[in-house]
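The values are calculated or read from the model by the stated rules, or taken from the named source; none is laboratory data. All values derive from a computational prediction rather than experimental measurement. With ideal geometry, Cβ positions are generated from the backbone for all residues, glycine too; neighbour counts draw on all protein chains shown.
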Amino acid sequence: MRQRFKNYLSLTKKEWNGTVVLVIAIIMVLVAPYVYQQLHKDKLINLKDFDRAATLLSSAEKGSPTNARSGKGVSHAFGYNKLQPGQTVEINTVDSAQLTRVHGIGPSFANRILTYRRKLGGFATKQQLKEVYGLDAEKYAEISNEIRVDASRIKRISVNAVDFEHLRRFPYLSYKQANAVIQYRVQHGDYRSLNDMRDIALLNDEILRKIAPYISFK
């Protein structure tokens, strides 16, 4: 009986090797999570860097430049520096970068405004901004307090010397109206004042009012 029981419990060499491999595998499975944790410790967040970045962002939103460790102001880091309350830009001399300092004006609107300014020769009044494509009454109300106009900066058109190709690009005159201005000058001589232009049938009082700040009779 004892011999039979002993034979039952005994293992062959192959079975013994398999048992050893199984035990080793079980040990490795149990130990693996601890080894992995030691080899892949989570990096701690640098709270000082986080706080510094938050401070820079807060300063940028308020429009006040704060020097970063590199020595550059926050305006350089974020690419803009919005106007402070009470500050304005002069619309006839401002460049694209300065114009984006106005609240509500991004690069796209800035380019449209400057393109229209170039076609006009300058703005005579702030209200003309509403003639810029996409700049409606709501947008105008948003930006008007940060813009001023120096009408002396307007580039006037010498109506007695201008040629048709130049005049037809002026926004306030249609192709036919520009041609009528040139033809009337050819037929009747130089214009002496705006009143002379009232004889042109294609020019009504509204058109004359719009072009008045841009016409020179020298």
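Which number in (1) of a type outside the set (Asp, Glu); (2) farther than 30 Å from Gly106 by Cβ; (3) surrounded by fewer than 11 Cβ atoms within 10 Å (Cβ to Cβ) marks the one condition that Leu202 misses?
(3)
Could you please let me know if Asn81 is assigned to a loop (DSSP other than H, G, I, E, B), over 29 Å from Tyr191 (Cβ atoms) and not basic (Lys, Arg)? Full working, then the answer.
Details: assigned to a loop (DSSP other than H, G, I, E, B): yes; over 29 Å from Tyr191 (Cβ atoms): yes; not basic (Lys, Arg): yes.
So Asn81 fits the description; yes.
With (1) at pLDDT 95 or above; (2) exposed (fewer than 13 other Cβ atoms within 10 Å of the Cβ) as the list, and Tyr133 as the residue in question, which single condition is left unmet?
(1)
For residues that are in contact with a Phe, Trp or Tyr (Cβ under 6 Å, 6 or more places away or on another chain) and among the hydrophobic types (A, V, I, L, M, F, W, C), scanning just the range 130-173, find the one that is farthest from Thr100 (Cα to Cα).
Val159
Each row is one residue, and each column tells you yes or no for (1) among the aromatic types (Phe, Trp, Tyr); (2) without any contact (Cβ under 8 Å) to a residue 12 or more places away in the chain; (3) part of a loop (DSSP other than H, G, I, E, B).
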position	(1), (2), (3)
Ser144	no, no, no
Arg169	no, no, yes
Gln187	no, yes, no
Asn195	no, yes, no
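Is at least one residue of the range 184-193 surrounded by 13 or more Cβ atoms within 10 Å (Cβ to Cβ), over 22 Å from the mean Cα position of the chain (by Cα) and closer than 25 Å to Val94 by Cα?
Residues of the range 184-193 that are surrounded by 13 or more Cβ atoms within 10 Å (Cβ to Cβ), as a first pass: 184-185, 191.
Add one more test, that the residue is over 22 Å from the mean Cα position of the chain (by Cα), and what stays is 184-185, 191.
Applying the additional criterion that residues be closer than 25 Å to Val94 by Cα yields none.
No, the conditions are met nowhere in the range 184-193.
Looking at Asn92, Asn111, which one is within 17 Å of the chain's Cα centre (by Cα), farther than 28 Å from Asn179 by Cβ, surrounded by 12 or more Cβ atoms within 10 Å (Cβ to Cβ) and modelled with pLDDT of 95 or more?
Asn111
Out of curiosity, is Ile207 at pLDDT 95 or above, over 27 Å from Asp95 (Cβ atoms) and not in a loop (DSSP other than H, G, I, E, B)? Walk me through it before giving the result.
On the way: at pLDDT 95 or above: yes; over 27 Å from Asp95 (Cβ atoms): yes; not in a loop (DSSP other than H, G, I, E, B): yes.
Against the criterion (at pLDDT 95 or above, over 27 Å from Asp95 (Cβ atoms) and not in a loop (DSSP other than H, G, I, E, B)), Ile207 qualifies.
Out of (1) in a helix (DSSP H, G or I); (2) among the aliphatic types (A, V, I, L, M); (3) under 14 Å from the mean Cα position of the chain (by Cα), the odd one out for Leu129 is which?
Result: Leu129 passes all but (3).
Just name the residue that is farthest from the chain's Cα centre (by Cα) out of those in the range 136-153 that are aliphatic (A, V, I, L, M) and surrounded by 18 or more Cβ atoms within 10 Å (Cβ to Cβ).
The selected residue is Val149.
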